[in-house]
Amino acid sequence: MQQAQTLYEKLWSSHVVRQDADGTALIYIDRHLVHEVTSPQAFEGLKLAGRKPWRVSSIVATADHNTPTDHWEEGIKDPISRQQVETLDANIREVGSLAYFPFKDERQGIVHVIGPENGATLPGMTVVCGDSHTSTHGAFACLAHGIGTSEVEHVLATQCLMQKKSKTLLIKVDGDLAPGVTAKDVVLAIIGRIGTAGGTGYALEFGGSAIRALSMEGRMTICNMAIEAGARAGLIAVDETTIEYLKGRPYAPAGDEFDRAATYWRTLTSDAGAVYDKVVEMDAAAIRPQVTWGTSPEMVSDISGVVPDPAAEKDPVKREGMSRALAYMGLKAGTPIKRIPVDRVFIGSCTNSRIEDLRAAAAVAKGRQKADSVKQVLVVPGSGLVKRQAESEGLDKVFVAAGFEWREPGCSMCLAMNADRLESGERCASTSNRNFEGRQGAGGRTHLVSPALAAAAAIAGHFADVAELN
Amino acid sequence: MRAFTTLDGLVAPLDRANVDTDAIIPKQFLKSIQRSGFGPNLFDEWRYLDHGEPGMDNSIRKLNPDFVLNQSRYAGAQILLTRDNFGCGSSREHAPWALDDYGFRALIGTSYADIFFNNCFKNGVLPICLPADVVDRLFATCMAHEGYRLKIDLAAQQVIEPDGKAHGFDVDGFRKECLLNGWDEIGLTLRHADEIRAFEASRKAAHPYYFR
């Protein structure tokens, strides 16, 4: 009998082109997602070496990082941003692609939102992109991870990557989530538990009944932040939720071919008895809504908690890191999280800009008003299709009535490469993935939260439990 | 790729854990479509007192006197001492490009984030892991002695202190060969083009829907 395999081992072994005695393998890449920031030097390198792309039908491209989220009719004002987007246009026009959703296209959006929603991300694929949040696609049982620009060029030229097998870590979350606790809270709680380097060297698999109960949108949120736990790849096994999501998507197979594919996809689970290098178990019922207080995603607390005291930390390097984080964040140890006021709110990013996220935020915003003390609440849908769906449900009207701004799709204030950014010293409740110093604008202070909590902070003017809003 | 064999370089200590790639090279500089020129903006937000944007004349910007790399004793450093989880966050290869452009050829620390670690090797920058107690001591010695230098011998896999004390380090065999020889990985992979084509054909036959 064949040995029981983990999902990671199945995906790995089905993509090995060749393997050397020391374990260095050539891995075949099925899907190559491309955006404007990390690809220009790769296309240039390819051209300088006189090489041709190996298989352009693997490429799905879009412009997302630099694109503005309002006044599209005015184009991209920043000349350097515009040049980068135009360079992508020129490169894709020259080499070709399976699909290209340029700036202003109705299906343009964040690369990690458009891949799945168009069925360009399919179970069993290897998916790469010059973007660390490529781990998102692991929600479809894809071996998906971010790569640097040299590797973008390597994939363009050879359709392969040179790699060694990762170790495997199963994060098992069993039980029922309490009402109001979302996928974002689960993944922040996981990062709080294992740390931002806890997954380094591992492929993470998220399992357990609480993960299986999540929608594909929730699963994408979880896998998206695997990289924030240090793991390049996060994985979730295929089940009927996965199969149902894919039906009718433009680049997914159809008819009999879909059924045949689905038969294979259903095998993309870890076998009973498969052995992981490490297992972490968590109780879903114990997870509360989460809010980060520091400058690393592991610096996270329950909404009902307080800002921790560095003096209580024994490890001197960690203590110093906490002190520096509190100074940067302008917070005092012992402050209740719920007493921290916010200046701006950002609802968007590849972590939380899908339809389910917007519905959760709108449910909180409905019939309520943004606090006067909050300067701006940006709602940035993940793609043109998400935007259209939200508008068909009237969510845009809910947001606008609450005093929120309804924007065009893109990465926006997650990393502030476009005009959406925090001013120095401003504090933001953000549904994005990184609270690093300066991430949302130089001197800006980021607190990572779920869409529901972000909307609640917008209404209350400070962090608040949704249930406690009047 | 430029080869890395041996290095005898001045050491600079960056005594912080979890240094992320947003800190190494902030996002506004990622708008460049070049591979070079990132050095003046390495650690931009820590290094300068004002806010940096692409196109500024960095030579006239006011330096932050408290930032370690701005101390004259570390001018020309080629080895950066780091702490846990250096290079976490974004996959931007602009981070090793900026370190390299500034003049760093090697990093010595306790651990690195996976994507960053991988990106360093593609650019002739050697990230070395040593045990925490050794790194602690190197930090203390480096800060106590102006002009502190270390030697790195990749072939022998050793970091050598001025008194001759050597510390062995691990490095993946394939990556080591690539660095020592300055090999182009794409060229190496394309030697197996027939195997890639054969694999691709059989995968396409079994799963045509991945190849639309």
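Odds and ends about this structure:
- Across region A:108-160, the qualifying residues are those that are of a type in the set (Asp, Glu) and over 27 Å from residue A:259 (Cβ atoms), and the one among them that is surrounded by the most Cβ atoms within 10 Å (Cβ to Cβ) is A:131.
- Region A:112-138: number of residues that are more than 10 Å from chain B (Cβ to nearest Cβ), closer than 21 Å to residue A:412 by Cα and of a type in the set (A, V, I, L, M, F, W, C): 2
Each row is one residue, and each column tells you yes or no for (1) in contact (Cβ under 8 Å) with a residue 60 or more places away in the chain; (2) within 14 Å of chain B (Cβ to nearest Cβ).
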{"position": "A:295", "(1), (2)": "yes, yes"}
{"position": "A:302", "(1), (2)": "no, no"}
{"position": "A:306", "(1), (2)": "no, no"}
{"position": "A:317", "(1), (2)": "no, yes"}
{"position": "A:322", "(1), (2)": "no, yes"}
{"position": "A:325", "(1), (2)": "no, yes"}
{"position": "A:335", "(1), (2)": "no, no"}
{"position": "A:342", "(1), (2)": "yes, no"}
{"position": "A:345", "(1), (2)": "yes, no"}
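- Matching residues in region B:1-24 - criterion: being within 11 Å of chain A (Cβ to nearest Cβ), out of contact with any Ser or Thr (no Cβ under 6 Å at 6 or more places or on another chain) and farther than 23 Å from residue A:48 by Cβ: B:15, B:16, B:17, B:19, B:20, B:22, B:23, B:24
- Cross-chain or 6+ apart pairs with Cβ under 8 Å, region A:114-135 first and over 21 Å from residue A:151 (Cβ atoms), then among the β-branched types (Val, Ile, Thr) and part of a helix (DSSP H, G or I): A:116/A:136; A:117/A:386; A:123/A:242
- The single residue among A:99, A:197 that is hydrophobic (A, V, I, L, M, F, W, C) and open to solvent by less than 20 Å² (accessible area, probe 1.4 Å) turns out to be A:99.
- Filtering B:166, B:156 for residues that are out of contact with any strand residue (DSSP E or B) (no Cβ under 6 Å at 6 or more places or on another chain) and either away from every other protein chain (no Cβ under 14 Å) or more than 30 Å from residue A:150 (Cβ to Cβ) (or both) leaves a single hit, B:156.
- Checking each residue of region B:102-114 against the condition of being of a type outside the set (Phe, Trp, Tyr), under 24 Å from residue B:143 (Cβ atoms), touching a residue at least 40 places away in the same chain (Cβ under 8 Å) and part of a loop (DSSP other than H, G, I, E, B) gives at least one match.
- Among the residues listed as A:109, A:115, the single one being under 12 Å from residue A:140 (Cβ atoms) and in contact with a strand residue (DSSP E or B) (Cβ under 8 Å, 6 or more places away or on another chain): A:115
- Filter pass, residue A:76 being touching a strand residue (DSSP E or B) at 6+ places or on another chain (Cβ under 9 Å) and not aromatic (Phe, Trp, Tyr): no
Quick grid of which residues meet (1) under 22 Å from residue A:317 (Cα atoms); (2) away from chain A (no Cβ under 13 Å); (3) in a helix (DSSP H, G or I):
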| position | (1), (2), (3) |
| --- | --- |
| B:28 | no, no, yes |
| B:34 | no, no, no |
| B:37 | no, no, no |
| B:53 | no, no, no |
| B:69 | yes, yes, yes |
| B:84 | yes, no, no |
| B:90 | no, no, no |
| B:100 | no, no, yes |
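- Elements of type strands (runs of 3 or more DSSP E) contained in region A:133-221, each with 3 or more residues being within 18 Å of the chain's Cα centre (by Cα): A:143-146, A:202-207
- Matching residues, region A:36-51, being within 20 Å of residue B:185 (Cβ to Cβ) and either of a type in the set (Val, Ile, Thr) or free of Cβ contacts under 8 Å to residues at least 40 places away in the same chain (or both): A:38, A:44, A:47, A:48, A:50
- Look at (1) of a type in the set (D, E, K, R); (2) in contact with a Pro (Cβ under 8 Å, 6 or more places away or on another chain); (3) open to solvent by less than 10 Å² (accessible area, probe 1.4 Å) and you find that residue A:89 fails only one, number (3).
- Only one entry in B:8, B:15 is assigned to a loop (DSSP other than H, G, I, E, B), acidic (Asp, Glu) and open to solvent by 30 Å² or more (accessible area, probe 1.4 Å), namely B:15.
- Residue A:8 meets each of the listed conditions (1) in contact with an Asp or Glu (Cβ under 8 Å, 6 or more places away or on another chain); (2) open to solvent by 50 Å² or more (accessible area, probe 1.4 Å); (3) more than 9 Å from chain B (Cβ to nearest Cβ); (4) not acidic (Asp, Glu) apart from (2).
- Some residue of region B:62-84 being within 27 Å of residue A:77 (Cβ to Cβ) and either open to solvent by less than 60 Å² (accessible area, probe 1.4 Å) or in contact (Cβ under 8 Å) with a residue 24 or more places away in the chain (or both): no
- The condition (being of a type in the set (Lys, Arg) and touching a residue at least 24 places away in the same chain (Cβ under 8 Å)) is satisfied by just one residue among B:16, B:47: B:16.
Conditions (1) crowded, with 21+ Cβ neighbours inside 10 Å; (2) at pLDDT 95 or above; (3) closer than 15 Å to residue B:14 by Cα, marked per residue:
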position	(1), (2), (3)
B:116	yes, yes, no
B:121	yes, yes, no
B:125	yes, yes, no
B:130	no, yes, no
B:133	no, yes, no
B:138	yes, yes, yes
B:141	no, yes, yes
B:148	yes, yes, yes
B:153	no, yes, no
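- Total residues in region A:68-85, condition open to solvent by less than 80 Å² (accessible area, probe 1.4 Å) and either more than 10 Å from chain B (Cβ to nearest Cβ) or among the aliphatic types (A, V, I, L, M) (or both): 8
- Against the criterion of being assigned to a strand (DSSP E or B), in contact (Cβ under 8 Å) with a residue 24 or more places away in the chain and acidic (Asp, Glu), residue A:228 does not qualify.
- Of the numbered criteria (1) touching an Asp or Glu at 6+ places or on another chain (Cβ under 9 Å); (2) open to solvent by 20 Å² or more (accessible area, probe 1.4 Å); (3) of a type outside the set (Asp, Glu); (4) farther than 16 Å from residue A:447 by Cβ, the one residue A:254 fails is (1).
- Counted residues, region A:269-285 - those being open to solvent by less than 70 Å² (accessible area, probe 1.4 Å) and under 11 Å from residue A:193 (Cβ atoms): 2
- Just one residue in the set A:181, A:186 is at pLDDT 95 or above, in contact with a Leu (Cβ under 8 Å, 6 or more places away or on another chain) and buried (at least 20 other Cβ atoms within 10 Å of the Cβ); that residue is A:186.
- Odd one out for residue B:123 among (1) in contact (Cβ under 8 Å) with a residue 60 or more places away in the chain; (2) within 21 Å of the chain's Cα centre (by Cα); (3) more than 8 Å from chain A (Cβ to nearest Cβ): (3)
- Test: residue in region B:169-182 that is farther than 26 Å from residue A:41 by Cβ, open to solvent by less than 30 Å² (accessible area, probe 1.4 Å), of a type outside the set (Gly, Ala, Ser) and more than 14 Å from chain A (Cβ to nearest Cβ): yes
The values are calculated or read from the model by the stated rules, or taken from the named source; none is laboratory data. Computed from a prediction, not measured in an experiment: that's the story for all the values here. FYI the Cβ positions are ideal-geometry reconstructions off the backbone, even for glycines, and counts take in every protein chain you see. Note: areas computed on protein heavy atoms with side chains; ligands, DNA, RNA excluded. Shrake-Rupley method; radii C 1.70, N 1.55, O 1.52, S 1.80 Å.
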